[in-house]
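S.K.: Got a structure for you, questions after.
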Amino acid sequence: MIVQALLGEFLHEAENTRKLLNAIPDSALDYKPSEKNWTTGQLASHIAEVYNWFDPTFNQDVMEMTEYKYDKGDITKAANIVAKFEENVKKAQAVLENAKDDTMMNMWAMHFNGQIGGFPPMPRITVVRGFLFNHLYHHRGELVVYLRATGNKVPGLYGPTADDVNMG
């Protein structure tokens, strides 16, 4: 039941992520609101990458970040970021479809050089909700702001946006 509930949310929210990533024009990829922020391209690439974390989150008890490798590809074109998202989301869906409820309360941790870091040991379900799902939603919210700041339309994720209807 746990995995089935997660899968339903995953599928719905992956579609929302897809809509948002598809709304990014190449002209907005270099925008960043401050020197401390990522560019739109970097942020969108990170959103696509989070789907790559499903396998180690569901299938390992410890994710050793110093051993983690990821090729984000060419992020100078929005279509490339969307393609990487599609590749990662397909793998993430397969991982989730093969997950078992009886592993959701197993302890999971993130390590850096063998030391606890990032996430202390906690039940896998907590990590899935926080590290995977909520993390994605947080960054999608940032991306909505980036799109607005660059004068681009924002797709409705949970209903229409001001771009879809006259909100005045």
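S.K.: Checking the table Lys91/Lys153; Lys72/Lys153; Lys19/Lys77; Lys32/Lys153 against a 19 Å threshold on Cα-Cα, which pairs fail?
M.R.: From the list (Lys91/Lys153; Lys72/Lys153; Lys19/Lys77; Lys32/Lys153), the Cα-Cα distance tops 19 Å for Lys91/Lys153; Lys72/Lys153.
S.K.: Then there is this: Label 7 Å along Cα→Cβ of Val62; the range 104-139 residues with amide nitrogen under 15 Å?
M.R.: Correct set: 107-122.
S.K.: Take Asp55 and Asn37, extend 7 Å from each Cα along the Cα→Cβ direction, and tell me the distance between the two endpoints in nm.
M.R.: In this crude spin-label approximation the distance works out to 3.3 nm.
S.K.: Select from His138, Gly118, Gln93 the residue farthest towards the positive end of the dipole of the chain; place +1 on Cβ of Lys and Arg, -1 on Cβ of Asp and Glu, and compute about the Cα centre.
M.R.: Checking the options against the dipole of the chain, the answer is His138.
S.K.: Here is a further query. At q = 0.12, 0.18 Å⁻¹, what log₁₀ I(q)/I(0) does a Debye calculation on the Cα points of the chain give, no solvent, two decimals?
M.R.: Here log10 of I(q) over I(0) equals -0.58, -1.16.
S.K.: Would you work out the charge dipole size for the chain about its Cα centre, treating the Cβ of every Lys and Arg as +1 and the Cβ of every Asp and Glu as -1, and quote it to the nearest 20 debye? Don't jump to the answer; show the numbers that get you there.
M.R.: On the way: 16 positive and 21 negative charges, 58 e Å.
Charge dipole of the chain: 280 debye, to the nearest 20.
S.K.: Which of Asn106, Pro33, Gly73 sits farthest toward the positive end of the charge dipole of the chain, with +1 on the Cβ of Lys and Arg and -1 on the Cβ of Asp and Glu?
M.R.: Pro33
S.K.: Out of the trypsin sites (Lys or Arg not before Pro) in the range 22-95, which ones are loop residues according to DSSP with at most 14 other C-beta atoms within 10 Å? Show your work: numbers first, answer last.
M.R.: Details: sites: Lys36, Lys69, Lys72, Lys77, Lys84, Lys90, Lys91; in loops: Lys36, Lys69, Lys72, Lys77.
Hits after loop and neighbour filter: Lys36, Lys69, Lys77.
S.K.: For the chain, calculate the relative contact order in percent as a whole number, restricting contacts to Cα pairs under 8 Å that are 6 or more residues apart.
M.R.: 29
Values quoted throughout were computed directly from the atomic coordinates according to the rules given, and no laboratory measurement underlies them. Remember, it's a predicted structure, so these values are computed and weren't measured experimentally. Using ideal geometry, Cβ is built from the backbone for each residue, glycine included, and neighbour counts are taken over all protein chains shown.
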